[in-house]
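Encoded as structure tokens, the structure appears first; notes follow it.
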Amino acid sequence: MKEKIDSSMIGPAEASLFRSADQIKKDIVELIQANNAIYPKDVQVEVQDGNVTLRGCVKDQMAVEEAIQAARNVLGVTSVRNELEICG
């Protein structure tokens, strides 16, 4: 029987041990899609062992900051690497 993990009892770094990269990526993409400051197709999200890399070309610095914050807000993310460019 698989034991259920209570995520309220662990920190973000430990959560990355229990959440798959696909789960983390899905949550980040959903937050980006829900954010009006970011055009979702402009941002590519890669996740490996809780480490997130954001790539792409966004319209302004606000979109960069919003994408970074979206990634940081997801349980299981241990670091965010910003490789986004502002393309106007």
- Message: Can you say whether Val52 is under 17 Å from Gln23 (Cβ atoms) and in a strand (DSSP E or B), as far as the supplied structure shows?
- Response: yes
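Condition check ((1) at pLDDT 95 or above; (2) of a type in the set (Ser, Thr, Tyr)) across all residues:
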| residue | (1), (2) |
| --- | --- |
| Ser7 | no, yes |
| Leu17 | no, no |
| Ile28 | yes, no |
| Ile38 | no, no |
- Starting from the stretch 42-53, keep only residues that are in contact (Cβ under 8 Å) with a residue 60 or more places away in the chain, then list their pairs with residues that are surrounded by 16 or more Cβ atoms within 10 Å (Cβ to Cβ) and not in a strand (DSSP E or B) whose Cβ atoms are within a distance under 7 Å, requiring at least 6 positions of separation or different chains. none
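Condition check ((1) closer than 23 Å to Asn36 by Cβ; (2) modelled with pLDDT under 95; (3) of a type outside the set (S, T, N, Q)) across all residues:
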| site | (1), (2), (3) |
| --- | --- |
| Val52 | yes, no, yes |
| Ile68 | yes, no, yes |
| Arg72 | yes, no, yes |
| Ser79 | no, no, no |
| Leu84 | yes, no, yes |
| Cys87 | yes, yes, yes |
- Message: Suppose we filter the stretch 25-77 for residues that are surrounded by fewer than 16 Cβ atoms within 10 Å (Cβ to Cβ), under 17 Å from Cys87 (Cβ atoms) and under 11 Å from the mean Cα position of the chain (by Cα); how many remain?
- Response: 1
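The values are calculated or read from the model by the stated rules, or taken from the named source; none is laboratory data. This one's a predicted model, so the numbers in the text were calculated from it and none came from an experiment. Cβ: placed from backbone, ideal geometry, glycine included. Neighbour counts: every protein chain shown.
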